[in-house]
C-alpha cells in the first residue's frame, strides 16, 4: 500500500504540474505552445486517474474507508505542491508569446 501511495504522490504531483502549465499556456499568445502542453496535460491526467481508480477500487468494494482517506490526503497534498512548484518554475521561465497575457 505504501508503494502505491508513493506512486500516486508522484503521478499526482506531475499531473497538477501539467495542469498548471496548461492553464497558464491557455492565457499565452502561442496556440502551438498551448496545444503541445494540452497533450501532455491530458495524457498525464488520464494516467493519473487510471492509477487512482486502480488504487481505490478494491477498498471501495470492500468498504476500507481508511485507505480511501489516505489516497485522498496524498492526492490533495501532491497536487497542491505540484501546482505551486510549476507556477514558480513558469514565473521564472516564461518568455515572449509564452508569457501569460502575451498577445
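Fewest to most neighbouring Cβ within 10 Å: what's the order for 94, 62?
62, 94
Before anything else, pin down the relative contact order of the chain: Cα pairs under 8 Å, at least 6 apart, normalised by residue count, whole percent.
49 percent
In whole Å, how far is the Cα centre of segment 20-42 from that of segment 67-82?
What the calculation gives is 25 Å, centre to centre.
Once you've got the GNM for the chain with C-alpha springs shorter than 10 Å, pick whichever of 50, 17, 87 has the biggest mean-square fluctuation.
Comparing 50, 17, 87 in a Gaussian network model of the chain, the most mobile one is 50.
Arrange the following residues from fewest to most other Cβ atoms within 10 Å of their Cβ: 36, 51. Mind showing how you got there, number by number?
Values: 36 14, 51 18.
By the 10 Å Cβ count, ascending: 36, 51.
Pick from 55, 79, 20: which residue has the top mean-square fluctuation in a GNM of the chain where Cα pairs under 10 Å get a spring?
Of the options given, 55 has the highest mean-square fluctuation.
Helix 65-93 versus the longest principal axis of the chain: what is the Cα-based angle in degrees, 0 to 90, to the nearest 10?
That helix lies at roughly 10 degrees to the long axis.
For the chain, what is the mean residue ellipticity at 222 nm derived from helices alone (per DSSP H run of n ≥ 4: -39500 (n - 2.57); sum divided by total residues; nearest 500 deg cm²/dmol)? Intermediate results must be reported in sequence, preceding the final value.
Numbers: 3 runs with 86 residues, N = 103.
It lands at -30000 deg cm²/dmol.
Give, in whole angstrom and from largest to smallest, the semi-axes √(5λ) of the equivalent ellipsoid of the chain, with λ running over the eigenvalues of the Cα gyration tensor. Mind showing how you got there, number by number?
Values: eigenvalues 208, 34, 15 Å².
Over the Cα atoms of the chain, the ellipsoid semi-axes are 32, 13, 9 Å.
Round to the nearest 10 and give me the degree value, 0 to 90, for the angle of helix 31-62's Cα axis relative to the longest principal axis of the chain.
With both axes taken from Cα atoms, the answer is about 10 degrees.
Read-outs throughout are calculated quantities, based only on the coordinates presented, and are distinct from any laboratory measurement. Keep in mind that this is a model prediction, so the values were computed, not measured. Cβ sites come from the backbone with ideal geometry, for glycine too, and all protein chains shown count toward neighbours.
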